[in-house]
Amino acid sequence: MAGIYLHIPFCKQACHYCDFHFSTSLQYKLPLLQALKKEIELQKNYLQGETIETIYFGGGTPSVLGSDEIQALIDTITGLHTVSSTAEITLEANPDDLNKAKLQSLVQTPVNRFSIGIQSFFDEDLAWMNRAHRADEAEAAVKRAQDMGFENLTADLIYGYPLLTDIKWKHNLNRVFELGIPHVSSYSMTVEAGTALASFISKKKQPAMNEQQSAEQFNLLMEAMQLNGFEHYEISNFCKPGQYSKHNSNYWKGVKYLGIGPSAHSYNGETRQWNVANNAKYIQAIEKDKVPAETELLTETNRLNEYIMTSLRTIWGLDLDKLNTIAATSATQLLIAAQTYFERDWIQQQNNIIYLTPTGKLYADHIASALFF
């Protein structure tokens, strides 16, 4: 089984915190869609004939595409790959794009899951982020999607920024529960170099993010999710039992995937490659039958460290036996390095699996990097 990710690099406006590759101009939309189709063909052998279990439209804002454009890309994939009859096909969407007409057209496509960028249910917070939608549009979009039969929904929420009091954060979480959304991806606000938010902070126009606030709101998040019957299956992801994101879960489990589009990444177990993050350069290369990608051959150390980083973040944990299949005696070395974190009760071991404790989840990246080879 494998997955395909399509990067749609267009947005109506730039969120102040975002450092993903995107453009607010639709100048290259039509030639880029043609290039995406052609890259799917050029890369048809990358996954070596494995059945496609997931297709994910990410961005950017893929919901700026028309349903016919989305269908054409899916048709290109199904014409070159065997796609599972139960494939999870996700479309990232902004609430303001999910109007009645759009949903009526999307229901005619194979898309069966929406990842809705809600972020907050407070208009002042959305304005601070420079989001394109209002809070009432988010609630309306969720209800419309559900009414149209789209039950497999996930909501994105952000915490740990200056405007978000604990009271507001609890309200955001309660609205998700009340709306019956079965999956939540929630991230702490981070300040990435080159973003508008980073510029505002450096010029003292905005305060810096508060790590203590972020930690406290992460704890509130974990508590609320547990009380409402959600599984904390990855550091930033929560779902009702059995309603994991198949696509993202496969990333963390080391399943192969092909990334299509500018800035998209691919992984086949032995190498990792990434496309140029420039729309014009991407289109020009694809038109010449060349995939504009750099490739890295994964060494044994790369594969060990990648498995540590991804597995430790999940409910499934780090399997010491699997670590030894990558490199003999690596499990023994890791256990020695991990002793400090066992003593702090940041990690625990059951049989041959190592898991983060609730406290350890606050330090996931630190723990993983400390265990790297």
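Bear in mind these aren't lab numbers, they're just calculated from the coordinates by the rules spelled out. Bear in mind that the values here come from a model prediction, so they are computed numbers and not experimental data. Backbone-built Cβ (ideal geometry, glycine too); neighbour counts: all protein chains shown.
D123: net charge of surrounding residues, Cβ under 14 Å, Lys/Arg +1, Asp/Glu -1, itself excluded? Before the final figure, lay out each step's value.
Numbers: positive: R131, R134, K168, R175; negative: D96, E124, D125, D136, E137, E139.
Here the count lands on -2.
Along the Cα→Cβ direction, 7 angstrom out, place labels at D123 and Q34. What is the inter-label distance in nm?
Each label point is offset 7 Å from its Cα along the Cβ direction, giving 4.3 nm.
Starting from the Cα of K204, draw a straight line to each of the lysines and keep only those under 30 Å, dropping any in the same chain fewer than 8 residues away.
Candidates past the 8-residue exclusion: K12, K168, K170.
Output the antiparallel fraction of DSSP beta bridges having both residues in the chain, as a percent to the nearest 5. Don't jump to the answer; show the numbers that get you there.
Working: 22 of 53 bridges.
Looking only at bridges with both residues in the chain, the antiparallel portion is about 40 percent.
Can you compute the modelled spin-label distance between T325 and K288, with each label point 7 Å from Cα toward Cβ, in nm?
Here the answer is 4.1 nm between the modelled labels.
With springs only between Cα atoms under 10 Å, which of F218, F200, F114 fluctuates most in a Gaussian network model of the chain?
Highest fluctuation of the listed residues: F200.
Using a 4.7 Å Cβ cut-off, which Cys residues in the chain lack a partner cysteine?
So, C11, C239.
Subtract the Cα-Cα distance of A215 and I315 from 0.36 nm times their separation in residues, and report this length gain in nm to one decimal. Working shown, then result.
Details: separation 100, 0.36 × 100 = 36.00 nm, distance 1.97 nm.
So the extension gain works out to 34.0 nm.
How high is the FRET efficiency between T24 and E192 when r is their beta carbon distance and R₀ equals 22 Å, given to the nearest 0.05?
Numbers: r = 17 Å, r/R0 = 0.79.
My answer for the efficiency is 0.80.
Could you work out the local net charge near L98, counting Lys and Arg as +1, Asp and Glu as -1, over the other residues with Cβ closer than 15 Å to its Cβ?
Overall, the nearby charge balance is -1.
Each residue of region 49-62 in order: what ³J(HN,Hα) in whole Hz does its phi give by Karplus 6.51 cos²θ - 1.76 cosθ + 1.60, θ = phi - 60°, with x for Gly and Pro?
Once θ is set to phi - 60°, the couplings for region 49-62 become x, 5, 5, 8, 9, 9, 10, 10, 8, x, x, x, 10, x Hz.
Can you compute the FRET efficiency between T271 and S369 using 1/(1 + (r/R0)^6), with r the Cβ-Cβ distance and R0 = 35 Å? Round to the nearest 0.05.
0.95
With equal scatterers on the alpha carbons only and no solvent term, can you work out the Debye log10 of I(q)/I(0) for the chain at 0.10, 0.12, 0.14, 0.15 1/Å?
-0.68, -1.01, -1.38, -1.54
Classify region 182-326 from the C-alpha gyration tensor, please: rounded if a/c falls under 1.5, else prolate or oblate depending on whether a/b exceeds b/c. Spell out each step's value before the answer.
On the way: a/c = 1.93, a/b = 1.16, b/c = 1.67.
Oblate, because a/c is 1.5 or more while a/b does not exceed b/c.
In nm, to one decimal, how far is the modelled label at I336 from the one at K281, with both set 7 Å along Cα→Cβ?
About 4.3 nm, to one decimal.
Of the listed peptides 160-172, 290-302, what is their order by residue-averaged count of other C-beta atoms within 10 Å, with the highest listed first? Walk me through the numbers on the way to the answer.
Working: 160-172: 16.8, 290-302: 12.9.
My ranking of the peptides, most packed first, is 160-172, 290-302.
If you wrap a convex hull around the C-alpha atoms of region 302-373 and split its volume per residue, what is the figure in Å³?
Numbers: hull volume 5.4 nm³, N = 72.
Value for region 302-373: 75 Å³ per residue.
Quick one: putting +1 on the C-beta of Lys and Arg, -1 on the C-beta of Asp and Glu, what dipole do you get for region 54-126 around its Cα centre, in Debye to the nearest 20?
Once rounded to the nearest 20, the dipole reads 340 debye.
Can you give the extra length, in nm with one decimal, that the chain gains between E306 and S84 once fully stretched, where that is 0.36 nm per residue apart less the Cα-Cα distance? Before the final figure, lay out the partial values.
Details: separation 222, 0.36 × 222 = 79.92 nm, distance 2.74 nm.
Result: 77.2 nm gained on full extension.
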